[in-house]
Every structure is written in structure tokens, then in C-alpha cells.
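Written below as C-alpha cells is the structure these notes are about.
The values are calculated or read from the model by the stated rules, or taken from the named source; none is laboratory data. All values reported here derive from a predicted model rather than from experimental measurement. Note that we place each Cβ from the backbone using ideal geometry, even for glycine, and neighbour counts take in every protein chain shown. Remember, those area values only see protein heavy atoms, side chains included, never the ligands or the DNA or RNA. Shrake-Rupley method; radii C 1.70, N 1.55, O 1.52, S 1.80 Å.
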Amino acid sequence: MNTPVSYFEGQYARGDDPWHLADRWYDRRKYELTVAALPRPRYRRAFEPGCSIGVLSELLAPRCDALLCADRARAAVGTAARRLDGLPQVTLQHMAVPEEWPVGSFDLVVLSELLYYFDSAARARVLGQSVDSLSDGGHLITVHWNHPVDEHTRTGREIAGEVDALVELRPLARYDDPDFTLTVHERGTSPGAALSPARAEGLA
């Protein structure tokens, strides 16, 4: 069963940042590791569904020509809009994936602390939409908490295994932490190995 939107609305009714995403060292470290793991210095067009209050979005924005951030909770979108004000490359939308998905292609999709709120069918749909919207050579980043939570259907390591199984993607990097698992995958319709940063600069 998917976590209902009422759960998120109830959380944000308690305050602008109910999970303290902007305050904790744990989250700041995780976000900085996420951005550091991006294989390219810059992306043309990126999508971050489930952006919450925009803490990670603020770090992603300088690496993107255009960044679309979305969340299903209106209160979260409002708080993110205040945080991201002044970043002209960022667009915010109230959007509930997988029922809604933006048009066009992206060379970066970031799924951070999102997929474990879905049942297996909806999670597969989000992953399928992510892959389908990636341009050739585009990157899918996933980052998810590894400890059991009542509202979560999977751990980060389990989600990483599901992403590894997607035949359209090639694994590029993975970071396993006691608390979370981060993966980087590249969409490849052309034969050959994934294009690592060293390969991209002709070093390997």
C-alpha cells in the first residue's frame, strides 16, 4: 500500500520542517555526498520528485541549467519555494508521482528518500518513468534510509537491488552507509561501459 498524502499533510501541519532536514548533520552529510556523487559537473535538465522543503534542491541547483522540483504536499512546495527563491533555474510544482510525471527528457533524475513510500507496483512505475525520461547517458541517483520504519516498504539496500535489476541502466557508483544507500546509474542505449568521470575526460 502506498503512503497516503494525508500522512505527509499531517507531518507538515506540525511545522515547516517536520523531519528537521535543514538542521541535522546526518541529512547535511547525506545531501553533500549525493551531490558529490554526481558524475558530471553540470546537467542540462534535472528532475527531483519528492523534493520536500528543498534542502537537497538548493545544493543541486548550482549544478543544473534547469531543475524541476516537485512534491505531493502543498505545504512542502510552499516552504521549498521560499528556500529556493532567487534561483532562476529552479521550477517548483505540486505534483504526485507516479500518477503525474513531467513531459520531456532529463539528463538527471534524483530519487531521494522517496521510493520506500510506494508499494512494489507503484515503485516499479516510478522507476520505469525515471528510466523512460532519461536521455542516453543520463544519470539516475537513488538515496534511501536503511533502518526499518513503519511507513517504509523497503530499505535503501533493497531499493538499490531493484534499480540494479533495470536492464536499461548500467551501475556507475554505489555508497553503502549503515544509515543509507546511495546509487548512481547511467542510462545506456549505446554499447560499451558506463562513462565514468575519468573516461569522460579521456583519462581512462
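Measuring r between the beta carbons of R199 and E151 and using R0 = 45 Å, the FRET efficiency lands at 0.70. Only DSSP H runs of four or more residues enter the estimate; each adds -39500 (n - 2.57), and after division by the residues of the chain the mean residue ellipticity at 222 nm equals -9000 deg cm²/dmol.
Accessible surface ranking for S120, S105, S196, 1.4 angstrom probe, highest first: S120, S105, S196. Taking the alpha carbon gyration tensor of segment 52-122, multiplying each eigenvalue by 5 and rooting it gives semi-axes of 20, 15, 11 Å, largest first. Put simply, the amide H of L67, placed in the peptide plane, has neighbours under 5 Å in A46, V90, T91, leaving out anything fewer than 5 places away on its chain. Across the chain, the relative contact order, built from alpha-carbon pairs under 8 Å that are at least six residues apart, equals 17 percent. Across segment 91-97, rounded Karplus estimates of 3J(HN,Hα) from the backbone phi angles (6.51 cos²θ - 1.76 cosθ + 1.60, θ = phi - 60°) give 10, 10, 9, 7, 8, 10, 8 Hz, Gly and Pro being marked x. Within the shell defined by Cβ-Cβ distances under 13 Å, the residues around R82 carry a net charge of -3, with Lys and Arg each +1 and Asp and Glu each -1. Equivalent ellipsoid of the chain: semi-axes from √(5λ) of the C-alpha gyration tensor, largest first, are 25, 19, 17 Å. Comparing segment 102-204 with the 2.2 N^0.38 Å rule of thumb, its C-alpha radius of gyration ratio is 1.09 (two decimals).
Contact order, relative form, for segment 1-112: 28 percent (alpha carbon pairs under 8 Å, 6 or more residues apart, mean separation divided by residue count).
Note on the chain: with neighbouring protein chains present and a 1.4 Å probe, carbon and sulfur make up 53 percent of its accessible heavy-atom surface. Taking 4.7 Å between C-beta atoms as the pairing limit, the chain has these partnerless cysteines: C64. A 1.4 Å probe run over the protein chains yields, for segment 12-99, 47 Å² of accessible area per residue, whole-number rounding. Going by a ≥ b ≥ c, the root eigenvalues of the Cα gyration tensor, does segment 77-158 fall in the rounded group (a/c under 1.5), the prolate group (a/b larger than b/c) or the oblate group? Oblate, because a/c is 1.5 or more while a/b does not exceed b/c.
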